[in-house]
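These notes are about the structure you will find just below.
The values are calculated or read from the model by the stated rules, or taken from the named source; none is laboratory data. What you are looking at is a predicted structure, and each value in this text was computed from that prediction instead of being measured. Cβ placement follows ideal geometry from the backbone for every residue including glycine, while neighbour counts extend to all protein chains displayed.
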Amino acid sequence: MTSRSSRFNPYWLLVAPAVLLVLALYVAPIVNVLLLSVTDPKPGLGNYAKIFESDTVANLIWRTVRLCLITTFAAVFLGYVVSYAMLHALSGVRRRMMSILLISFWISVLVRSFAWLMLLGHNGLLNDMLLSLGVISEPLPLMRNEFGVLIGMTEYMLPYAILPLLANMQGIDPRIASASRSLGASSAQTFFHVFLPLTRPGIIAASLLVFISSLGFYVTPAILGGGKVQMIAEYISVQLLVTVRWGVAAMLATLMIASVLALMYVLNRFMKLSEIFGGAAR
Amino acid sequence: MKDNAFLNDLAREGAIAFKSGRLDRRSFLMLCGLAGVATLAVKAGDAEAAANEIVMWNWGGESEKCHGDAIGKPFTAKTGLPLKFDTSGPLQGKIKEMVDSGKVTADVCDADGFDAIALGKSGHLEAIDYNIVNKQQIKEGSAWEFGVGVIFYGYAFMYDTKAFGDNPPKGWADFYDTAKFPGKRSLYKWANGSIESALVADGVTKDKVYPCDVPRAIEKIKSIKADSLYWGSGSEAHDMIVNGEVVMGMIWQNRGKTIEERTNGRYKMVMNEAIAMPGAYIVPRGNPAGRDNVMKFIEQALQVESQLMILDCLGMTPSNPEAFAKIPEAMQPYAVNSAQNIDKVIFNDPVWWADNGGDAVNAFLEAIG
């Protein structure tokens, strides 16, 4: 057994070019940039100490995590409802729902952010309508604040939540629900005790995907936040380009990469990642 | 766009190498094939021009046409060197990265005064040759060792005449007074101008603004935080004002002129106490066209005709004192250095910003976040 596994597997040769390419063109430059976090402006851990010393950095990290968690919760909850509806829709309707989903998936984040301003902004469609109906006397502050950023982020992340959830739901044998009903469970009981637990891998996969992708939001908070809702990505860009503190920027980038890897590691302890991301498990 | 620039570079570098014999013909043709360029388009003659042209790194938009007409045309007529553009915006970090990487592709950057001081100090810039560039044609205090204040722009503010038509705000003190002038405000989000405006509003006299008391400015800015928005680009500042998101908004003075014109004066600009920023031309160290050529370009930019054309085209105010008196009547209210404004505005101190700007920006970002 040991002798067999320690023997060189020739299939590695087939993968080698791809691995080398990734190492040389992707990993090496990234490591190079991340090293700046301990070398710029002077060697040492001074940049990392800022997490504890500087309120700015601590606040920034906390705000980013908080907004991403809220976004994750909202997107997965709404996504679950949509996926559930798609699962039970007639195939024609489902196909139409899917194309709407994919089209919105392909629209650029910039366009979507400006669209939100037009819909919910100070002079937006909604405020104009409510004002002219006399429902409100002052435009509602729906944009250019944290609430606006959350709307924009959640909407952007919806497809990321729906696609893994739907894939997971479609893999559940529909006869299980019928069996549950025939054994006397009510529809609510069937949903909460049978269907929901079966979709747990989908929920976790969707949450993970949404949370990790949200961490990098830049355009949406910059446009919809009115300058007041800084997240890590925008702050990194300011430190790179304006204040030219590359060490701080690299430190935050390192922190982000490390936390994403840690998240995936923890998750992997509980379940097979390949299974979640639609690998060969089934 | 990045890819294009890369492929152009590839073909151009290849052609230079081919011409000098470092690259054989077959490899050169292959490179051209890779870059998708017909060999005819990059004959070795063109490649020679790589060192025989001036590449200006600016912010795109109108400025490409304006810089081309105002400086490029007379410069090319005199020297035969064409002017080309990279419009991706020369932020300090990008210039530093370019010089550090050793692949300098721009000859002159349309940057800020404090960039000239900061990047000069860190060794990323070519020194200005004042044998070619005429110091007399630069506003006093803007002829630095590593950069030239070629134009001035300003942080002024606008107000909605529908809100305050009868009793208009007159300066930053009014801008920060939300009791007397209720409604939302907008400020620049990377701190320039915002810090100074807060100090003036808090009662600091114009000549005492520098060195800036940042904590004092931050306190003042925090006092209107609940009533303010912050913008990062000219178009965003513009939108916030004309969409009625704010009743008073900080604005670049040339953009303010456009808004006044387009709205038939519904929104009016206040130039009193505007913060005047020197826009600096700086030269990345090791620029491809060589120092002499680019100095001649900067010299051209300072000539009265070029300066007045930039004013007309971009709304950026001349730096050459000779041009001050020639600012057209219609531009006088909007120009930083016009007779009616020059004593009202506050001139930015780029040395203070170069040394303290990073901390000021971060303190400001924390305060508004």
B:E366 meets each of (1) within 14 Å of chain A (Cβ to nearest Cβ); (2) crowded, with 18+ Cβ neighbours inside 10 Å with one exception, condition (2)
Out of curiosity, is B:D213 among the acidic types (D, E), away from chain A (no Cβ under 13 Å) and free of Cβ contacts under 8 Å to residues at least 12 places away in the same chain?
-> no
Just give me the residues in region A:168-197 being surrounded by fewer than 16 Cβ atoms within 10 Å (Cβ to Cβ) and of a type in the set (A, V, I, L, M, F, W, C), in sequence order.
-> A:I172, A:I176, A:A179, A:L183, A:A188, A:F191, A:F192, A:L196
Residue count, region B:272-331 (criterion: among the acidic types (D, E), over 19 Å from B:K135 (Cα atoms) and assigned to a helix (DSSP H, G or I)) | 2
Residue that is surrounded by the most Cβ atoms within 10 Å (Cβ to Cβ), among those in region A:99-140 that are among the polar types (S, T, N, Q) and either outside any helix (DSSP H, G or I) or within 14 Å of another protein chain (Cβ to nearest Cβ) (or both) = A:S113
Do we find that A:R181 is part of a loop (DSSP other than H, G, I, E, B) and among the basic types (K, R) in this structure?
-> no
Say whether the condition of being in the same structural domain as B:F347 (by TED's automatic domain parsing), closer than 20 Å to B:M271 by Cα, free of Cβ contacts under 8 Å to residues at least 40 places away in the same chain and buried (at least 22 other Cβ atoms within 10 Å of the Cβ) is met by at least one residue in region B:175-196.
-> no
Members of region A:205-244 that are within 14 Å of another protein chain (Cβ to nearest Cβ), surrounded by fewer than 21 Cβ atoms within 10 Å (Cβ to Cβ) and either closer than 30 Å to A:A167 by Cβ or in contact (Cβ under 8 Å) with a residue 40 or more places away in the chain (or both) = A:Y218, A:V219, A:K228, A:A233
The number of residues in region B:350-363 that are buried (at least 20 other Cβ atoms within 10 Å of the Cβ) and either away from every other protein chain (no Cβ under 14 Å) or of a type in the set (V, I, T) (or both) is 2
Considering each residue of region B:224-268, count those that are of a type in the set (A, V, I, L, M), away from every other protein chain (no Cβ under 12 Å), over 20 Å from the mean Cα position of the chain (by Cα) and surrounded by fewer than 23 Cβ atoms within 10 Å (Cβ to Cβ), and give that number.
-> 1
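Yes or no, residue by residue, for (1) among the aliphatic types (A, V, I, L, M); (2) over 22 Å from A:A233 (Cβ atoms); (3) more than 14 Å from every other protein chain (Cβ to nearest Cβ); (4) surrounded by 13 or more Cβ atoms within 10 Å (Cβ to Cβ):
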residue: A:D55; (1), (2), (3), (4): no, no, no, no
residue: A:W62; (1), (2), (3), (4): no, no, no, no
residue: A:L78; (1), (2), (3), (4): yes, yes, yes, yes
residue: A:Y84; (1), (2), (3), (4): no, yes, yes, yes
So is B:S122 of a type outside the set (F, W, Y), within 12 Å of chain A (Cβ to nearest Cβ) and farther than 16 Å from B:D355 by Cα or not?
-> no
